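Only one structure is covered here, and it is reproduced in the block below.
The values are calculated or read from the model by the stated rules, or taken from the named source; none is laboratory data. Here the structure is a predicted model, which means the values were calculated and not measured. With ideal geometry, Cβ positions are generated from the backbone for all residues, glycine too; neighbour counts draw on all protein chains shown.
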Amino acid sequence: MNMPTRYVNNWLTRLNAALPAGGASLPVPQAALNRLDLSNGGQYFLTLVNSLNPLEQSAFEVVLLTASGLQRAQEGTNDVQWPTGSYVYCAVTAGAIAMLLARVEALEAQLTPSLPENLLVDHGGNPLVDQAGNYLVYRASTLPENLLVDQGGNPLVDQANNFLINGA
C-alpha cells in the first residue's frame, strides 16, 4: 500500500543543528514540524539546499520525512552533510510529477477501449459505429473478388447493400 504523500504550501525552514550524512532525524524547529501531518502514514518529500537562490546552489538533496524518521538521498540525490542554517522546503519534486504522470497514463490505458483491427473511420479518423454502438470493420476475408471501392477504399454497395463488383 502506498503511503499518502502530502504537501504543505509555503513550508520553509532552516536546520537548527547540523544534519550529518546518514542522519535519520531532521533537526528543524518544532514549530515547523508541527505544520506537517505525519499521521496515518503521511509523508513529505522535502528538499535541502545551501541557498535559496538557484544560481548560488552548489548542493541539494531530496529527502522523505515520515513519522518513523528521515530517508535520505531520494530521487537520485546524494546523502551529504548539511550545516546548521541550511534551508529545507516542501515543494513538488520532479519525482512527484513523474509519479503522477505514470499514474495518469496507467489510468488512461485502462479507460481507452481497444479498437478492433480493420476499423472503419470517417475522414476525421473517428471510428464508425452502427445504431447499437458497435464498431464497423472492414472484413477483407469476406469480400468478393473484383469488388468496386470508392477513393477511400470503402466497398461500393447497391440500394440492397449488395457489393458492387467489376463484371469484366
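Would you call LEU143 outside the structural domain of LEU33 (by TED's automatic domain parsing), surrounded by 11 or more Cβ atoms within 10 Å (Cβ to Cβ), in contact with a Phe, Trp or Tyr (Cβ under 6 Å, 6 or more places away or on another chain) and in contact (Cβ under 8 Å) with a residue 12 or more places away in the chain? So LEU143 fails the test. Count, please, the residues in segment 77-115 that happen to be part of a loop (DSSP other than H, G, I, E, B), within 22 Å of GLY22 (Cβ to Cβ) and of a type in the set (A, V, I, L, M, F, W, C). Qualifying residue count, segment 77-115: 1. When GLY152 is tested against (1) in a loop (DSSP other than H, G, I, E, B); (2) in the same structural domain as THR77 (by TED's automatic domain parsing), exactly one condition is not met: (2).
Residues in segment 1-22 that are polar (S, T, N, Q), part of a loop (DSSP other than H, G, I, E, B) and under 18 Å from SER68 (Cα atoms): ASN2 alone. On inspection, ARG103 passes the criterion of being out of contact with any strand residue (DSSP E or B) (no Cβ under 9 Å at 6 or more places or on another chain), of a type in the set (Lys, Arg) and either farther than 22 Å from GLY41 by Cα or surrounded by 10 or more Cβ atoms within 10 Å (Cβ to Cβ) (or both).
Among the residues of segment 34-49, is any in the same structural domain as LEU64 (by TED's automatic domain parsing) and without any contact (Cβ under 8 Å) to a residue 12 or more places away in the chain? Checked segment 34-49: at least one residue is in the same structural domain as LEU64 (by TED's automatic domain parsing) and without any contact (Cβ under 8 Å) to a residue 12 or more places away in the chain. Exactly one residue out of SER25, SER51 is of a type in the set (S, T, N, Q), touching a Leu at 6+ places or on another chain (Cβ under 8 Å) and not in a strand (DSSP E or B), and it is SER25. The residue of segment 116-140 that is surrounded by the fewest Cβ atoms within 10 Å (Cβ to Cβ), among those that are outside any loop (DSSP other than H, G, I, E, B) and without any contact (Cβ under 8 Å) to a residue 12 or more places away in the chain, is VAL129.
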